[in-house]
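Following: one structure in structure tokens, then a few remarks.
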Amino acid sequence: GSGSSVQSSLQSAGVNMSNCSFLNAAVDSWWARDYTAWFVADGNNKVGIVDFKYDRPRANDDAVPVKQATYLNVPLYTMNLTQTGGNYMSDGMGIAAATDLVTDENSISTAQINQQMNDYLGITKYMVIPDAQGDYIKHIDCWGKFLAVDKVLIDSVPSSDPRYSNYQSAAAAFANTNCSYGYKYKVYRAFIQSSKNGEPYSNSFICNDKVYLAFKGTSNDNACLNVYKKAMPGYTIKGYMASGSAPWYPTDALHCRVHEIADRSMLYIGHMPLFGKQCSSTGYKVNVDAVSYGGQNIKNGYPKVIYRVNNGTWDSIAMTSTGTNKYEASIPSQANGSTVQYF
């Protein structure tokens, strides 16, 4: 619809309009996930966007990333790879996943595809998995979703479904792969009624601390909600029915129609967690990269490590600078058998 109709529907839904800005651009479809740009932080820790050769020749949609770059005043990098947003998910730490649509649509070698993904997106491990759903669209967001760096949701179909083994293979591909933290993915399964007409539970949208699920009103909705709650403690998770002229489809639901925009002045904290059994008589070293994308100075005494032992009271330690954007602290050594949690 027109900009004014968008504004009036947001207003009537109670949106704070002072938090909204509008880019007016002609579009051919509502598939913002597929055609809009992908956000990166470049080698100078500046946020920019990456555009790709959009796999569906829709001229207005395809022109949006350039308009986004101009509107947001950020650099635009153009990769020479045919891609689509619905077939890309990344953990933010160098791993990305897609279906074999990417090899279908690009005539270059796997090594060349991987090189493009690394050069433009910082992807060091690109998981290309045979499409589980077996539909024309071959988008990974139709059957799978990263829920955290070490967690992935894969839809689950009845064992009688003709695509059952494909869904099982996709789940196994993650279960047998190390996540960026260095251990195997934790795989969560959301049961859908079929590969052809299943509820689009993987086609959900995570924004900050909220998760938006596409619900169809079936008896599987509640089980899906519980799977997400188990996988994502601390998040507010809700299901939403689609109304009227724009229902959810097995290949086109909530995730397909939205794309987040990066906070260009956010504080980024990169950290490789300590996990499992840690043996040390001198303490447990915690290292982080902390970068202000907005170029702000980080306040003295920050970042902090907050930790507790055996569910006791939380304690905090100020981290010390060990170089540009690098910080370190040591959690004190603990008695054997203690459980230490930290953030």
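The values are calculated or read from the model by the stated rules, or taken from the named source; none is laboratory data. Keep in mind the model is a prediction, meaning the values are calculated, not measured. Virtual Cβ from ideal backbone geometry, glycine too; neighbours counted across all protein chains shown. The protein model used for the area step is the full one, side chains on, heavy atoms only, and it has no ligands, DNA or RNA in it. Shrake-Rupley method; radii C 1.70, N 1.55, O 1.52, S 1.80 Å.
Taking segment 235-251 as the region of interest, how many residues are assigned to a loop (DSSP other than H, G, I, E, B) and open to solvent by 80 Å² or more (accessible area, probe 1.4 Å)? Reasoning before the result, please.
Let us first name the residues in segment 235-251 that are assigned to a loop (DSSP other than H, G, I, E, B), namely 235, 242-248, 250-251.
Now drop any that are not open to solvent by 80 Å² or more (accessible area, probe 1.4 Å), which leaves 235, 243, 245.
The total comes to 3.
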Residue under question is residue 297, and the condition is that it be within 23 Å of residue 43 (Cβ to Cβ) and open to solvent by 60 Å² or more (accessible area, probe 1.4 Å); does it hold? yes
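Against the definition (more than 16 Å from residue 193 (Cα to Cα) and not basic (Lys, Arg)), how does residue 150 come out, yes or no?
Yes, satisfied.
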Residue match in segment 306-314 (condition: free of Cβ contacts under 8 Å to residues at least 24 places away in the same chain, β-branched (Val, Ile, Thr) and over 30 Å from residue 45 (Cβ atoms)): yes
Among the residues of segment 252-288, how many are open to solvent by 70 Å² or more (accessible area, probe 1.4 Å) and touching an Asp or Glu at 6+ places or on another chain (Cβ under 8 Å)? 4
Being hydrophobic (A, V, I, L, M, F, W, C) and farther than 30 Å from residue 221 by Cα is true for just one of 72, 147. Which residue is that? 72
For segment 286-293, does any single residue satisfy the condition of being on the phi < 0 side of the Ramachandran plot and in contact with a His (Cβ under 6 Å, 6 or more places away or on another chain)? yes
In segment 16-30, how many residues are under 22 Å from residue 245 (Cα atoms) and either outside any loop (DSSP other than H, G, I, E, B) or open to solvent by 50 Å² or more (accessible area, probe 1.4 Å) (or both)? 4
When residue 251 is run through (1) in contact with a Cys (Cβ under 6 Å, 6 or more places away or on another chain); (2) closer than 30 Å to residue 331 by Cβ; (3) among the hydroxyl-bearing types (Ser, Thr, Tyr), the failure sits at (2)
Unmet criterion (only one of (1) in contact (Cβ under 8 Å) with a residue 60 or more places away in the chain; (2) open to solvent by 50 Å² or more (accessible area, probe 1.4 Å); (3) at positive phi) for residue 196: (3)
Selection within segment 154-177 - within 17 Å of the chain's Cα centre (by Cα) and either surrounded by fewer than 17 Cβ atoms within 10 Å (Cβ to Cβ) or under 22 Å from residue 272 (Cα atoms) (or both): 174
Here's a check for you: in segment 57-69, which residue that is of a type outside the set (A, V, I, L, M, F, W, C) and modelled with pLDDT of 95 or more is surrounded by the fewest Cβ atoms within 10 Å (Cβ to Cβ)? 60
